[in-house]
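Please read the structure below before turning to the comments.
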Amino acid sequence: MFRDLVRTRALEERLENLLKQGHVVGGLYRSLGQEATAVGTAMALDDGDWLAPSIRDLGAVLVRGLPPVDVVLQYTARAAGPCSGKDNTNHYTVVDLGILGPVSPLGTQLCVLNGVALTFRNRGSDRVCMTYQGEGATRTGASHEGLAFASALRLPIVVVIEHNRWAFSTRSEQLAAVRDWADVPKAYGVPTISVDGNDVLACREAGVEAVSRARRGDGPTVIVAETYRMVGHAQHDPQSYMPAEELEEWRGRDPIARYERYLLEQGLITSDELLSIRHEVDAELDAAVDQALAAAMPQPLEARTRVYDAPEPDVTPWTRGPGVAGPGAALVRT
């Protein structure tokens, strides 16, 4: 777990550098301060289970086995990336690893993942699904519908609410009149586990409990992880709205430093071994960046591939006909 925590933060640090150097195509949404939530909960999943991350769940994707070089290839829009340069961030689906790419309209991916979970149940499989939402996403209609559906059909799904105090630049208490976000799932009859989202061991324990419940056929569970987003919404956000004293307080709860102290205090590892892990991670990620930057950009015609169910390079896309305009115009084949 320590290795995955360090890999997550170190990889995002390299992505931030690449963004500033002009190599990243699109935005960058870091998980600084939230790494333990994603890493710890994803550790509870087995091979064959499915995961639908949000934009701050790079740690969960790495836990599932996605190579860091694929992450860099994706952000730099290389042809060899998971989306061949067609999309950004973690908007990719990797079937072999059970990763379902995020859906940009917040809350919607829960509804999509419900379909996966329903398939598992209908086939008599004990496979489980896990997805993540910020507290802002829980306020969307799609999220409400998704949770109501999962509860009514007792689907094998775990929903992790990352209560990081901010939805873009809006305080979480301005989003809903609730004091405790663990009260939210009660409206759907879904059991809830509240956990310190900066404690990776507690997050893993909560994940194991929720996944075990789903695997037994006892339906969904919501994990509310209390954490803090220690950066702006994205790298272009100067986070000037965040109180300096509050930010400093949460920096004192840094999940990686906290777990490192625990390992040392319990005598589970030595300082030299921790340093060795960091060096190994640095070498791995430096090689991943070098490999990605040396990779080719996609050719223009590749934009028309991997779009249809049976894609062909010369597929003519559906578009508006010549001289036809307006929102009510019919789509024609040209």
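At-a-glance table
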{"read-out": "Among residues of the range 19-49, those that are assigned to a helix (DSSP H, G or I) and crowded, with 19+ Cβ neighbours inside 10 Å, counted", "value": "9"}
{"read-out": "Residue count, the range 1-18 (criterion: out of contact with any Lys or Arg (no Cβ under 7 Å at 6 or more places or on another chain), hydrophobic (A, V, I, L, M, F, W, C) and buried (at least 20 other Cβ atoms within 10 Å of the Cβ))", "value": "4"}
{"read-out": "Cβ-Cβ under 6 Å pairs, at least 6 apart or on other chains, the range 109-122 side within 12 Å of residue 143 (Cβ to Cβ), far side modelled with pLDDT under 95 and hydroxyl-bearing (Ser, Thr, Tyr)", "value": "110/143"}
{"read-out": "Members of the range 154-168 that are touching a Pro at 6+ places or on another chain (Cβ under 8 Å) and hydrophobic (A, V, I, L, M, F, W, C)", "value": "155, 157, 158, 159"}
{"read-out": "The range 266-308, subset assigned to a loop (DSSP other than H, G, I, E, B) and closer than 20 Å to residue 66 by Cβ, residue modelled with the lowest pLDDT", "value": "306"}
{"read-out": "Residue list for the range 9-42, filter: closer than 19 Å to residue 100 by Cβ and out of contact with any Cys (no Cβ under 8 Å at 6 or more places or on another chain)", "value": "29, 31, 38, 42"}
{"read-out": "Hits in the range 51-62 (condition: touching a Leu at 6+ places or on another chain (Cβ under 9 Å) and either among the hydroxyl-bearing types (Ser, Thr, Tyr) or surrounded by fewer than 24 Cβ atoms within 10 Å (Cβ to Cβ) (or both))", "value": "54, 61, 62"}
{"read-out": "Top-ranked residue of the range 149-175 - restricted to ones that are exposed (fewer than 15 other Cβ atoms within 10 Å of the Cβ) and of a type in the set (Gly, Ala, Ser), ranked as modelled with the lowest pLDDT", "value": "169"}
{"read-out": "Residues satisfying the stated conditions in the range 71-82, i.e. under 23 Å from residue 47 (Cα atoms) and surrounded by fewer than 22 Cβ atoms within 10 Å (Cβ to Cβ)", "value": "82"}
{"read-out": "Filter result for the condition that a residue is in contact with a helix residue (DSSP H, G or I) (Cβ under 8 Å, 6 or more places away or on another chain) and among the aliphatic types (A, V, I, L, M), over 103, 116", "value": "103"}
{"read-out": "Residue 78 vs. criteria among the basic types (Lys, Arg), over 11 Å from the mean Cα position of the chain (by Cα) and outside any loop (DSSP other than H, G, I, E, B)", "value": "no"}
{"read-out": "Filter pass, residue 184 being modelled with pLDDT under 95 and either in a helix (DSSP H, G or I) or in contact with a Gly (Cβ under 6 Å, 6 or more places away or on another chain) (or both)", "value": "yes"}
{"read-out": "Scope the range 20-33; condition within 23 Å of residue 288 (Cα to Cα) and not aliphatic (A, V, I, L, M); matching residues", "value": "20, 21, 22, 23, 26, 27, 29, 30, 31"}
{"read-out": "Residue list for the range 124-174, restricted to those being of a type in the set (A, V, I, L, M) and either in a helix (DSSP H, G or I) or more than 15 Å from the chain's Cα centre (by Cα) (or both)", "value": "128, 137, 142, 147, 148, 150, 152, 153, 155, 157, 167"}
{"read-out": "Residue, nearest to residue 185 (Cα to Cα), within the range 83-111, restricted to residues that are β-branched (Val, Ile, Thr) and surrounded by fewer than 18 Cβ atoms within 10 Å (Cβ to Cβ)", "value": "103"}
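Matching residues to (1) at positive phi; (2) over 27 Å from the mean Cα position of the chain (by Cα); (3) loosely packed, with under 12 Cβ neighbours inside 10 Å:
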residue	(1), (2), (3)
251	no, no, no
264	no, yes, no
279	no, no, yes
297	no, no, no
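The values are calculated or read from the model by the stated rules, or taken from the named source; none is laboratory data. Just so we're clear, the structure is a prediction, and the values are computed from it rather than from any experiment. Virtual Cβ from ideal backbone geometry, glycine too; neighbours counted across all protein chains shown.
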